[in-house]
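**Student:** Sharing a structure, written as structure tokens. Questions coming.
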Protein chains: 2
Amino acid sequence: MAARHEEIAEELRQAIDRGEYPVGGPLPTETELSARYAVSRGTVRQAVAALTAEGRIGSRQGARRVVLGNRRSQSFAELRSFAQWAAAMGRTATGRVLEQHRRPATAEDAEKLQIKRGDEVLQVLRVRGLDGDPVLLERNVYAAWMADSVERLPAECVSVVQALYEDIGMVFAYGEHVIDAVAAGAEDARLLGIRRGSPLLRIRRVTTTPAGRPIEWSDDRYVSGTVSFTVANSIGSNPLARQAGQA
Amino acid sequence: MAARHEEIAEELRQAIDRGEYPVGGPLPTETELSARYAVSRGTVRQAVAALTAEGRIGSRQGARRVVLGNRRSQSFAELRSFAQWAAAMGRTATGRVLEQHRRPATAEDAEKLQIKRGDEVLQVLRVRGLDGDPVLLERNVYAAWMADSVERLPAECVSVVQALYEDIGMVFAYGEHVIDAVAAGAEDARLLGIRRGSPLLRIRRVTTTPAGRPIEWSDDRYVSGTVSFTVANSIGSNPLARQAGQA
DNA sequence: CAGAATCACTTGTCCGAACAAGTCGATGAC
DNA sequence: GTCATCGACTTGTTCGGACAAGTGATTCTG
């Protein structure tokens with residue numbers, strides 16, 4: 001947390017959570033904040049831009065900024081890692097590898113991982129649980145250059161993300177998520193202990209390194225009622241997009 | 001389109017879509033871009049910051065920016081409005097009001113719309129279709145100060161958002177979306193023409209004016225397979241958050 | 001009294017500069 | 001040949017200034 005504008009953003013977040021700036025009320029002006037923190041106006045603007053992107057405050061030219069809400073957004077690590085997310089909530093996560101094998105890349109693998117068709121990939125099927133109950137079925141496909149490190153992990157590994165970071169310093173930096181709902185198939189139902197046809201929340205995701213190199217893509221299916229996802233957007237910044245039909 | 005940094009951002013987006021900067025490849029340096037467009041480095045940084053927030057490019061200190069993908073994200077207007085989104089895809093949207101009545105606000109209404117319990121609200125039930133097939137069941141609750149304008153709309157109104165903008169200049173500026181999957185209830189199934197228990201993608205959202213005043217909240221249920229949502233995030237900016245289910 | 005004009009204030013845009021921090025290829029030592 | 005060092009290059013941070021554009025309350029006008 002070196003950068004001054006990040007410190008200021010964090011102080012503002014906490015001030016909002018404390019109720020110092022009530023929801024629906026105005027934030028101090030940029031001039032006042034720059035005086036209070038002894039920084040230039042540009043630095044203050046970087047700080048409030050972060051809160052705007054998170055959907056915590058609204059902003060219009062000419063009028064004071066408005067506090068929209070105080071929900072806490074999670075770090076990328078917490079979103080990416082089921083185990084870290086569960087730990088942050090005070091719940092215990094479990095994980096078990098059911099299946100793991102290498103195979104040549106299909107056309108879909110090749111496109112998503114930016115590799116050639118037929119290159120070797122590592123496919124893994126995991127079940128994840130929360131406080132004992134199975135909640136999530138995870139189908140991952142890793143690029144070949146990651147396969148060795150993933151295979152070395154124990155079958156009961158709770159946090160894959162953390163293990164990979166500690167072993168080889170691998171950082172997951174970017175992600176694209178496609179969200180929809182599907183009915184549980186026969187295999188889904190058996191492995192999650194639910195009825196066939198039950199609704200599942202499906203998140204398909206591609207993750208890349210800081211250099212933009214794809215690491216893995218995955219198909220996560222959450223049991224209905226166990227997990228929901230939140231996203232904030234605005235007329236200015238719009239991370240959420242709707243897409244039609246099958247893809 | 002006035003702001004220079006927005007123009008540059010749009011030109012970069014188109015250049016990426018044209019394949020001028022291939023996926024996985026580097027973007028020109030800030031210095032080169034500022035020379036090419038005859039603007040200062042700060043203006044270029046504003047432009048590339050927008051693309052970074054959209055997840056199209058990645059950025060690390062010291063290294064050149066990397067093109068992560070060329071997916072096109074819809075504008076906020078298209079996301080807010082089912083009809084505009086459908087039109088942008090070359091499909092025809094339909095809409096029909098099934099039920100509409102005023103009632104006192106419940107505790108849930110009061111919290112989400114920042115009004116007092118018992119204040120009047122307007123509840124509306126709509127079915128939306130794509131190319132003739134029913135796709136979406138929409139349950140909206142509008143704050144009292146919006147009720148008159150909404151009631152004046154025709155029952156078959158295709159685009160509520162656009163109609164409200166043209167009538168009274170109302171703009172939907174901010175939104176918070178909670179996404180999960182649910183099974184279709186008896187009413188859902190009957191109105192959407194699907195089997196009971198079929199998976200539905202549920203989006204609950206609250207929208208507000210540019211001034212941060214809540215306009216409405218709604219519960220949208222999409223038929224499985226018709227629509228999906230995409231969100232990009234990164235270690236730096238993360239609009240997406242996971243929450244434990246609370247029913 | 002209602003509506004229009006005014007004006008202080010606030011945010012948005014853009015500039016130019018300087019330094020810090022990190023990356024990556026080239027060079028040189030072992 | 002391998003590895004560490006170096007240095008050019010690139011992005012990140014911060015400053016200070018200037019003007020444009022929009023808001024909202026006050027004042028003025030009919």
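The values are calculated or read from the model by the stated rules, or taken from the named source; none is laboratory data. Just so it is clear, the model here is predicted, and its values are computed rather than measured. Reconstructed Cβ throughout: ideal geometry from the backbone, glycine too, with neighbour counts over all protein chains shown. Note: accessible area is taken over every heavy atom of the protein model, side chains too, but ligands, DNA and RNA are not part of it. Shrake-Rupley method; radii C 1.70, N 1.55, O 1.52, S 1.80 Å.
**Student:** Just checking, how many residues over segment A:2-12 are assigned to a helix (DSSP H, G or I) and either more than 11 Å from DNA strand D (Cβ to nearest atom) or of a type in the set (A, V, I, L, M, F, W, C) (or both)?
**Tutor:** Within segment A:2-12, residues that are assigned to a helix (DSSP H, G or I) and either more than 11 Å from DNA strand D (Cβ to nearest atom) or of a type in the set (A, V, I, L, M, F, W, C) (or both) number 5.
**Student:** If you take the residues of segment A:43-57 that are near DNA strand C (Cβ under 9 Å from one of its atoms) and open to solvent by less than 30 Å² (accessible area, probe 1.4 Å), which of them is nearest to residue A:230 (Cα to Cα)?
**Tutor:** For segment A:43-57, the residue satisfying everything is A:48.
**Student:** Further question on the same structure: In segment B:104-114, which residues are open to solvent by 50 Å² or more (accessible area, probe 1.4 Å) and in contact (Cβ under 8 Å) with a residue 12 or more places away in the chain?
**Tutor:** Answer for segment B:104-114, where residues must be open to solvent by 50 Å² or more (accessible area, probe 1.4 Å) and in contact (Cβ under 8 Å) with a residue 12 or more places away in the chain: B:104, B:112, B:114.
**Student:** If only one of B:212, B:193 is over 16 Å from the mean Cα position of the chain (by Cα) and within 16 Å of DNA strand D (Cβ to nearest atom), which one is it?
**Tutor:** The unique qualifying residue is B:212.
**Student:** What are the residue pairs meeting all of these: first residue in segment A:48-77, first residue more than 8 Å from chain B (Cβ to nearest Cβ), second residue in a helix (DSSP H, G or I) and within 14 Å of DNA strand C (Cβ to nearest atom), Cβ atoms under 7 Å, and 6 or more apart or on different chains?
**Tutor:** Every condition considered, the pairs that remain are A:51/A:12; A:57/A:48; A:57/A:51; A:59/A:52; A:65/A:48.
**Student:** If I ask for residues that are within 16 Å of DNA strand C (Cβ to nearest atom) and among the small types (Gly, Ala, Ser), which ones from segment B:1-30 would you list?
**Tutor:** B:2, B:3, B:9, B:24, B:25
**Student:** Mind telling me which of the residues B:120, B:156, B:151, B:138 ends up being of a type in the set (Asp, Glu) and crowded, with 16+ Cβ neighbours inside 10 Å?
**Tutor:** Matching residue, one of B:120, B:156, B:151, B:138: B:138.
**Student:** Here's another thing I want to ask about it. Among the listed residues A:190, A:139, A:152, A:205, which satisfies the condition of being touching an Asp or Glu at 6+ places or on another chain (Cβ under 8 Å), modelled with pLDDT of 95 or more and charged (D, E, K, R)?
**Tutor:** A:139
**Student:** Could you look through segment B:13-30, keep only residues that are within 12 Å of DNA strand D (Cβ to nearest atom) and more than 13 Å from chain A (Cβ to nearest Cβ), and pick out the one that is surrounded by the fewest Cβ atoms within 10 Å (Cβ to Cβ)?
**Tutor:** The qualifying residue surrounded by the fewest Cβ atoms within 10 Å (Cβ to Cβ) is B:29.
Let's see how each residue does on (1) open to solvent by less than 20 Å² (accessible area, probe 1.4 Å); (2) within 14 Å of DNA strand C (Cβ to nearest atom); (3) under 17 Å from residue B:234 (Cβ atoms); (4) in contact with a Ser or Thr (Cβ under 7 Å, 6 or more places away or on another chain):
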| site | (1), (2), (3), (4) |
| --- | --- |
| A:32 | no, yes, no, no |
| A:41 | no, yes, no, yes |
| A:62 | no, yes, no, no |
| A:65 | no, yes, no, yes |
| A:70 | no, no, no, no |
| A:74 | no, no, yes, no |
| A:77 | no, no, yes, no |
| A:84 | no, no, yes, yes |
| A:89 | no, no, no, no |
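**Student:** Go through (1) closer than 21 Å to residue B:131 by Cα; (2) outside the structural domain of residue B:141 (by TED's automatic domain parsing); (3) among the charged types (D, E, K, R) one by one and return the number of the condition residue B:242 breaks.
**Tutor:** With (1) closer than 21 Å to residue B:131 by Cα; (2) outside the structural domain of residue B:141 (by TED's automatic domain parsing); (3) among the charged types (D, E, K, R) applied to residue B:242, the lone miss is (1).
**Student:** Related question: State yes or no: is residue A:55 away from DNA strand D (no atom under 16 Å from the Cβ) and outside the structural domain of residue A:148 (by TED's automatic domain parsing)?
**Tutor:** yes
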